[in-house]
Amino acid sequence: MPEKNTALPEIVSRDEWHTARKKLLKKEKEATRARDVLAAERRRLPMVPLEKEYMLEGPNGTIRLLDLFAGRRQLLTYHFMLEPGDEAPCSGCSMFVDNIGHLAHLHARDTSFALISRAPYAEIGQVKKQMEWTIPWYSTFGHKDFNTDSGAGSGFGLSVFLRAGSSIYQTYFTSWRGIETLGSNWTFLDLTPFGRQETWENSPDGWPKTKPYQWWRLHHKYDN
């Protein structure tokens, strides 16, 4: 039995619960269709070219932003709030990273993912080891234009980039409550210009597409 003085939902019969559930389900489906429309509009956003060659520090030294694509066409970067000398990582950013799935599923859709912070890489490496994360994580210490130009500044957020040859374009940025809606491979892909790349999506002509479901694999079964 529930503890006394604890607020709980109303208790009803199974039939009454089914009626209420169907009423809510109708609204949930409307919200799903509205999100699909919004994602279709997002795939048609214009993009802005990156005029600078941004440099970052990683486990193997200095690299270009272009290298973060790892040969793929799309890149998502999460701006993780870790400043030089911080005693502990941001709890909100840490919760977000804890909810990121295996990156193989994003890689299968030609999309890379990396964390970006303003702290020196030596400090990033310590936090990464402490948190037991394997997601690629790079430092903009000494190269802070990237944070400002992409829209994150000294805060947190998620940027989306598209590569055409060696040219890079920013296609999207979100922060604050926009971050709370993320945390799965599908919602991440919904932010990219190519989307999930499935035939049911309303995308511009010429966008890459395959049948839904059939591209899914166990994360160690994708063809690299």
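Give the residues of the range 101-111 that are of a type in the set (D, E, K, R) and part of a strand (DSSP E or B), sorted by residue number. Answer for the range 101-111, where residues must be of a type in the set (D, E, K, R) and part of a strand (DSSP E or B): there is none. Being of a type outside the set (V, I, T) and more than 18 Å from the chain's Cα centre (by Cα) holds for only one residue in Y213, Y169, and it is Y213.
Within the range 185-224, being outside any helix (DSSP H, G or I) and aliphatic (A, V, I, L, M) holds for L191, L218. If the condition is being without any contact (Cβ under 8 Å) to a residue 24 or more places away in the chain and within 19 Å of L75 (Cα to Cα), then the range 196-222 contributes E198, K209.
Restricted to the range 17-52, and to residues there that are among the acidic types (D, E) and within 21 Å of the chain's Cα centre (by Cα), the residue that is surrounded by the fewest Cβ atoms within 10 Å (Cβ to Cβ) is E41.
Please find, among E57, E87, the residue that is free of Cβ contacts under 8 Å to residues at least 12 places away in the same chain, more than 18 Å from G157 (Cβ to Cβ) and of a type in the set (D, E). Working first, answer last.
On the way: E57 fails: free of Cβ contacts under 8 Å to residues at least 12 places away in the same chain.
Going through E57, E87 in turn, just one is free of Cβ contacts under 8 Å to residues at least 12 places away in the same chain, more than 18 Å from G157 (Cβ to Cβ) and of a type in the set (D, E): E87.
Quick one: is F96 touching a Lys or Arg at 6+ places or on another chain (Cβ under 7 Å) and assigned by TED's automatic domain parsing to the domain that holds L182? Spell out how you get there, then give the answer.
On the way: touching a Lys or Arg at 6+ places or on another chain (Cβ under 7 Å): no; assigned by TED's automatic domain parsing to the domain that holds L182: yes.
Judged against the criteria, F96 is not a match.
The values are calculated or read from the model by the stated rules, or taken from the named source; none is laboratory data. Not measured: the values here are computed from a predicted model. Cβ sites come from the backbone with ideal geometry, for glycine too, and all protein chains shown count toward neighbours.
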